[in-house]
Amino acid sequence: MNDFTQFVDLAAERLGGRVISANDEFFGPKEALVKQPKPIFVERFTDRGHWMDGWETRRRRTPGCDWCIIRLGLPGILRGVVVDTSFFTGNYPARFSLEGCELRGAAPDKDELKKLQAATAKWTELLPETELKGDSQNPFAIAHSGRFTHVRLKIYPDGGVARLRLYGEVVPDAARFTKGEFDLAAVANGGRPIATSDQFYSEPLNLLMPGRAKVMSDGWETRRRRGPGHDWVIVKLGLAGTIHRLEIDTAHFKGNYPDSCSVEACFAEGGKAEISRLASASAAGWQQLLSRTPLKPNHRHIFQNQLHEAGEATHVRLNIFPDGGVSRFRVFGRAAQAADRLTGIERVNQMARAQAAKALLDCCGSKKWLEQVLARRPFSDAAGLYDASDDAWEALKRKDWLAAFRAHPAIGASKGTGKQTETARRWSAGEQSVAQKASPDTLAVLAAANQAYQACFGHVFLICAAGKTSDEILKSLKERLANNPEVELRIAADEQKKITRLRLEKLLGL
């Protein structure tokens, strides 16, 4: 299965996902799209035709497409979609497209649909018109890094879709977590399982779902262990923080609950390599949070005074001995630097002004540019930030451009004439990494050419060096030495704009 299915289905009905509008639902109701159970097929006819477990529109006789709008149960960054056309064989759509919109504010209000359908609503294309297969799971990755609250599914020209799964990372409103104690592992707060020893009967994502489990299948249950060892699950906390209390609920697990459990915590960055390391039996860095403790069947266990000091944590590991089932796992604590745990454009929007200023100056060293970009926060999406950056840069004068130039080291040098943060130095080194692999003789020629350039124009030679070899850079440098100062200033400014764009993408984590 695709990597993105490891994320949370943000549109799931159990998380509050709703289909709030559709232009047509003659044969099958729109609400079926976000239901949890897998679609089924039944030989049954109604007064409108064959009953189908999904959303199905009538046969279109006019140009256009059919559509529906889904309110995500939890806002977030979408990583992929599965368009499930199970049992739709001669009546599935030929193609589909997907758009996203972020509706600011708290809970949905009576004007929600009106705002989404207004001409001023900003809908962003997530997937263009794309072919579908009938009676199939149709998975597609999504590359956009924006935060969305609503999605619009369009089908061309008509037909039926059984289920729509919208997988992504939950990005809650950071303002909620400035004070008080929260369940740091809850799905609603961005928590998710990233590795487990076994999930034979049911998946560990259930552990982090809201409310108490209604049945045994609404939990995490492993097969019966016949050899040595024990089962475990690693949870990435949605909010890094200091843990004060744990809840381990074995509701509905009576003859198959674990004999005992323990919990460990650690602070670690994300990424596949880090996940693999954390899942290793010999991984260092795990701190004992709860020593091995007996469990009871069908019981809600609360641990507070029994917890050891483990410091600030980003991940927890629940160990169960030797196997069995747990319905819910709660990790209560105080969030630390919640805004820093956000990703993408929302992170930039939620930063304190001083923090945002520092981060943006790593992208461009002009304070005038910074003031104009900050004035346009918050940004609706990444494109909004890029547009603000380009507009601000084009409005600057010569002295402001030169101020930005001074933040850059010469090609082959370790630092610029202006003050650089560690982040900016690291980015500069990365951008010049290919050129730095040149021989000492070539680097010496580059350094001499740089000196000649600065003597001629009075500022550092600027080129968007990412991926360029030292020979390519040297050739451009020599060619540009023949320019007059005004032409060269404009060329250098355009190169700075490219560098700024690359760094903004790095800031957003793209």
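The values are calculated or read from the model by the stated rules, or taken from the named source; none is laboratory data. All values derive from a computational prediction rather than experimental measurement. Here Cβ is always computed from backbone atoms with ideal geometry, including for glycine, and neighbour counts include all displayed protein chains. For accessibility, only protein heavy atoms count, side chains too; no ligands or nucleic acids. Shrake-Rupley method; radii C 1.70, N 1.55, O 1.52, S 1.80 Å.
Brief remarks on what is shown
- Cα gyration tensor, the chain - rounded (a/c under 1.5), prolate or oblate: oblate
- Accessible surface of the chain, 1.4 Å probe, proportion on carbon and sulfur as whole %: 51 percent
- Separation of alpha-carbon centers, the stretch 1-74 and the stretch 205-233, rounded to whole Å: 29 Å
- For the stretch 309-327 versus the stretch 453-488, the gap between their alpha-carbon centres in whole angstrom: 56 Å
- Where the chain is the region considered: accessible area per residue in Å², 1.4 Å probe: 47 Å²
- Links that overshoot a 27 Å alpha carbon limit, given the list K214/K236; K114/K236; K214/K296: K114/K236
- Computed [θ] at 222 nm, helices only, for the chain once each DSSP H run of length n ≥ 4 contributes -39500 (n - 2.57): -7000 deg cm²/dmol
- Charge dipole (Cα centre; +1 on Lys/Arg Cβ, -1 on Asp/Glu Cβ; no other charges) of the chain amounts to roughly 700 debye.
- The stretch 73-231 shape via C-alpha gyration tensor axes, a/c threshold 1.5: oblate
- Proximal lysines relative to K397, as straight alpha-carbon distance under 24 Å, when same-chain residues fewer than 8 apart are discounted: K358, K367, K368, K419, K497, K498
- Each peptide in 472-482, 233-243 receives the mean, over its residues, of other Cβ atoms within 10 Å, and ordering these scores from highest gives 233-243, 472-482.
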